[in-house]
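*Asks:* Dropping the structure in here first, questions after.
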Amino acid sequence: DTAVSQTPKYLVTQMGNDKSIKCEQNLGHDTMYWYKQDSKKFLKIMFSYNNKELIINETVPNRFSPKSPDKAHLNLHINSLELGDSAVYFCASSPGLGSLEQYFGPGTRLTVT
Amino acid sequence: GENVEQHPSTLSVQEGDSAVIKCTYSDSASNYFPWYKQELGKGPQLIIDIRSNVGEKKDQRIAVTLNKTAKHFSLHITETQPEDSAVYFCAASKGNNRLAFGKGNQVVVIP
């Protein structure tokens, strides 16, 4: 009965490759997020979708493209991976616009070599 | 934008003692202050939160206090246990779906 799930948990790939991370939530929430956690543990929001519509788009390289096929899923595609993309990526969800509590997935550790 | 500062960066406590982590925020419009616990290899877990119309909130061994005038809030863990060892993050929000996180505190409970 996992609330927010992500796949894969670990991703090791070479520079220049394209990869995707998938996220699904079964909480019935309308809003989903992608966060990046760097090596110093700092959590920074990247994107947010509400009911499949983009509502937050932080200063993130164009190589990162989120996609929400429905409100229960938010995927993250990364083109032309760079060394600096190595981090842990967390998906999160919250009930809806203006709602406050956010619930995080287990994370995907991306290592670019 | 909102800037959240968290102190200390690392805190070691003896099992059974109390731990206190303090955060300050910059935007007086912030009205929601959650605390997250992140264990090794896991995602952040919401453990307690407080809204700006409340000064204190308690849930078993954890409590959060908020001082809106001074723009700071604190997490208190009493009777610490080894399973309390984790990284704790504070955050602040204006209710616009954006959470501004502090840099995290590593809490180590020494048995």
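The values are calculated or read from the model by the stated rules, or taken from the named source; none is laboratory data. The structure presented is a predicted model; accordingly, all values stated were derived computationally and were not measured. In this analysis, Cβ positions are derived from the backbone assuming ideal geometry, glycine residues included, and neighbour counts consider all displayed protein chains.
*Asks:* Name the residues in region B:79-100 that are at pLDDT 95 or above and surrounded by 15 or more Cβ atoms within 10 Å (Cβ to Cβ), would you?
*Replies:* B:Thr80, B:Asp84, B:Ser85, B:Ala86, B:Val87, B:Tyr88, B:Phe89, B:Cys90, B:Ala91, B:Ala92
*Asks:* Where residues in region B:23-46 are within 18 Å of A:Ser99 (Cβ to Cβ) and among the hydrophobic types (A, V, I, L, M, F, W, C), which of them is nearest to the other protein chains (Cβ to nearest Cβ)?
*Replies:* Residue satisfying both the conditions and the ranking: B:Leu46.
*Asks:* Every residue in region B:2-25 that is among the polar types (S, T, N, Q) and either buried (at least 20 other Cβ atoms within 10 Å of the Cβ) or within 16 Å of the chain's Cα centre (by Cα) (or both), please.
*Replies:* B:Asn3, B:Gln6, B:Ser9, B:Thr10, B:Ser12, B:Ser18, B:Thr24
*Asks:* Please give the strands (runs of 3 or more DSSP E) falling wholly within region A:37-113 in which 2 or more residues are away from chain B (no Cβ under 14 Å).
*Replies:* The strands (runs of 3 or more DSSP E) meeting that bar are A:64-70, A:73-78, A:108-112.
*Asks:* What pairs come out if I take residues in region A:73-99 that are surrounded by fewer than 19 Cβ atoms within 10 Å (Cβ to Cβ) and at pLDDT below 95 and pair them with residues that are assigned to a strand (DSSP E or B) and not hydroxyl-bearing (Ser, Thr, Tyr) whose C-beta lies under 7 Å away, six or more apart or interchain?
*Replies:* Matching pairs, first to second residue: A:Gly96/A:Asn50; A:Leu97/A:Asn50.
*Asks:* Considering region B:66-111 alone, what residues qualify as being of a type in the set (A, V, I, L, M), within 9 Å of another protein chain (Cβ to nearest Cβ) and in contact (Cβ under 8 Å) with a residue 60 or more places away in the chain?
*Replies:* Scanning region B:66-111 gives B:Ala91, B:Leu99, B:Ala100.
*Asks:* Also, I was wondering about something else. Would you confirm, using the coordinates I've provided, whether B:Thr69 is exposed (fewer than 13 other Cβ atoms within 10 Å of the Cβ) and assigned to a loop (DSSP other than H, G, I, E, B)?
*Replies:* yes
*Asks:* Would you check if B:Ala63 is under 11 Å from the mean Cα position of the chain (by Cα), over 24 Å from A:Lys44 (Cβ atoms), of a type in the set (Gly, Ala, Ser) and more than 8 Å from chain A (Cβ to nearest Cβ)?
*Replies:* So B:Ala63 fits the description; yes.
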